[in-house]
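Student: First, the structure itself, so that you have it in front of you.
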Amino acid sequence: MSKLLYLIRHGHALHNELYTTLGVQAFRIPEVIDSPLTEIGHTQALNLSKTIMNHNIELVLVSPLLRTLETANNIFRTHDVPIVCEEFLREYPIGLDTCNKRSDISEMREKFPTMDFSHIKENEDIYWNKHGETMEELDTRISKMKDHLLCLPEQTIAIVSHSSFLGQFKDKKIGKNIKIFAWIGSGGVGFNFC
């Protein structure tokens with residue numbers, strides 16, 4: 001069974017905004033732990049919401065970081081589609097950058113009660129560390145994601161994640177049964193990877 005994936009990068013977030021003045025340090029300061037969307041990011045996601053459902057999305061998979069949860073919520077909250085959080089969709093690298101350290105899942109469940117967090121077993125972020133994830137660890141996450149996607153009954157799936165992770169995912173050999181339609185950011189500019 002073939003799959004059609006819509007890859008959606010989260011909207012503009014606080015660490016993206018701070019990058020213009022702080023450079024790479026903007027990703028590593030305590031103020032950006034689990035970085036939220038800016039007003040620009042919320043607007044980007046709401047704009048995408050107006051057109052995305054023309055594509056008959058059956059399922060949304062989302063990273064459990066705040067900026068992706070906010071993006072998915074803004075895009076899909078008025079549409080009748082299940083939203084499921086998956087740890088393997090987090091930004092690369094897990095670790096090193098504080099903006100990639102997630103909040104406790106209990107807190108996210110309260111903020112986003114319509115989303116399904118049941119696949120995330122640990123409340124606290126047990127994956128983030130000060131050293132960062134290796135490419136081998138990332139490859140393992142991507143393989144896990146691919147295996148999971150191929151087992152799902154849904155054929156048209158939106159994935160709300162992060163630029164580095166999605167870039168690495170699309171560049172891997174993902175198989176002939178998966179077609180990707182990707183949005184750059186959540187502003188709605190699209191292109192195909194077949």
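The values are calculated or read from the model by the stated rules, or taken from the named source; none is laboratory data. Since we're looking at a predicted model, the values are computed, not measured. FYI the Cβ positions are ideal-geometry reconstructions off the backbone, even for glycines, and counts take in every protein chain you see. Surface accessibility is based on the protein's heavy atoms, side chains included, excluding ligands, DNA and RNA. Shrake-Rupley method; radii C 1.70, N 1.55, O 1.52, S 1.80 Å.
Student: Could you give the length gained on full extension between I126 and H55, defined as 0.36 nm per residue of separation minus the Cα-Cα distance, in nm? The partial results should precede the final answer.
Tutor: Details: separation 71, 0.36 × 71 = 25.56 nm, distance 3.55 nm.
Extending this stretch completely gives an extra 22.0 nm.
Student: Right, here's the next one. Taking the chain as a Gaussian network, Cα atoms linked when under 10 Å apart, which of D116, D104, D80 shows the biggest mean-square fluctuation?
Tutor: D80
Student: Please quote Rg/Rh for the stretch 9-102 to two decimal places, taking the Kirkwood radius as Rh and restricting both calculations to Cα atoms.
Tutor: Values: Rg = 13.8 Å, Rh = 13.7 Å.
With Rh from the inverse mean 1/r over Cα pairs, Rg/Rh is 1.00.
Student: Let me see the pair-distance distribution of the stretch 71-126: every alpha carbon pair, 5 Å bin width, integer percents in order.
Tutor: 4, 16, 27, 25, 18, 8, 2, 0
Student: Same structure, new question: Quick one: Debye curve from the C-alpha atoms of the stretch 101-142, no solvent, what's log10 I(q)/I(0) at q = 0.16, 0.23, 0.25, 0.27 Å⁻¹?
Tutor: -0.54, -0.87, -0.92, -0.97
Student: Something else about it: Of R102, R28, which has the most accessible area with a 1.4 Å probe, and how do the rest follow in descending order? Present the calculation step by step, with values, prior to reporting the outcome.
Tutor: Numbers: R102 10, R28 90 Å².
If we order R102, R28 from most to least accessible, we get R28, R102.
Student: If you place +1 on the Cβ of every Lys and Arg and -1 on the Cβ of every Asp and Glu, how big does the dipole about the Cα centre of the stretch 22-159 come out, in debye to the nearest 20?
Tutor: Details: 14 positive and 23 negative charges, 53 e Å.
With only Lys, Arg, Asp and Glu charged at Cβ, the dipole is about 260 debye.
Student: Then there is this: Reachable lysines from K130, Cα under 21 Å, same-chain residues fewer than 8 places away excluded?
Tutor: Here the lysines satisfying the reach criterion relative to K130 are K101.
Student: Treating cross-link reach as a plain straight distance, find the lysines whose alpha-carbon is under 18 Å from the alpha-carbon of K146, omitting any fewer than eight places away in the same chain.
Tutor: Once the sequence-local lysines are set aside, what remains near K146 is K3, K170, K172, K173, K176, K179.
Student: Nearest 500 deg cm²/dmol is fine: what mean residue ellipticity at 222 nm does the chain get from its DSSP H runs of n ≥ 4 alone, each adding -39,500 (n - 2.57), divided by its residue count?
Tutor: Working: 6 runs with 67 residues, N = 194.
That comes out to -10500 deg cm²/dmol.
Student: Counting other Cβ atoms within 10 Å of each Cβ, which GluC sites (Glu not before Pro) in the stretch 119-149 have at most 11 and sit in a DSSP loop? Mind showing how you got there, number by number?
Tutor: Values: sites: E122, E124, E133, E136, E137; in loops: E122, E124, E133.
Of the GluC sites (Glu not before Pro), the ones in loops of the stretch 119-149 whose Cβ has at most 11 other Cβ atoms within 10 Å are E122, E124.
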